[in-house]
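Here is the structure we will look at.
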Amino acid sequence: MTAHYQNLRKHRVSIPFHYYSVTTSTLDRNCYFSDFNNARVLINTLKAIEDIKTRTICFVVMPDHLHWLFQ
């Protein structure tokens, strides 16, 4: 089976000040964020992104994935 990820993005738009929910997982669902330092790097990255372009509403860091709600 061939993945066509670019097809998932067709006709999508980003609208300023709208709310977006993103869930993403680690490669092969490895539990990288079970390690405190790895989780802290992710959280600091989310905070750095917020200063640039987004406003984080909330996020949940799980051992192998992230849920992020932002505006």
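The values are calculated or read from the model by the stated rules, or taken from the named source; none is laboratory data. Every value quoted in this text rests on a predicted model; they were computed, and no experiment measured them. Cβ: placed from backbone, ideal geometry, glycine included. Neighbour counts: every protein chain shown. The protein model used for the area step is the full one, side chains on, heavy atoms only, and it has no ligands, DNA or RNA in it. Shrake-Rupley method; radii C 1.70, N 1.55, O 1.52, S 1.80 Å.
Residue pairs whose Cβ atoms lie under 7 Å apart, separated by 6 or more positions or on different chains, with the first residue in segment 38-53 and over 13 Å from residue 70 (Cβ atoms) and the second open to solvent by 70 Å² or more (accessible area, probe 1.4 Å) and in a helix (DSSP H, G or I), are 38/32. In this entry, residue 56 is excluded by the filter for residues that are without any contact (Cβ under 8 Å) to a residue 12 or more places away in the chain, open to solvent by less than 70 Å² (accessible area, probe 1.4 Å) and closer than 26 Å to residue 14 by Cβ. Only one entry in 46, 27, 69 is hydrophobic (A, V, I, L, M, F, W, C) and touching a Cys at 6+ places or on another chain (Cβ under 6 Å), namely 69. When you check residue 48 against the structure, is it at pLDDT 90 or above, open to solvent by less than 90 Å² (accessible area, probe 1.4 Å) and of a type in the set (Gly, Ala, Ser), yes or no? Criteria not met by residue 48.
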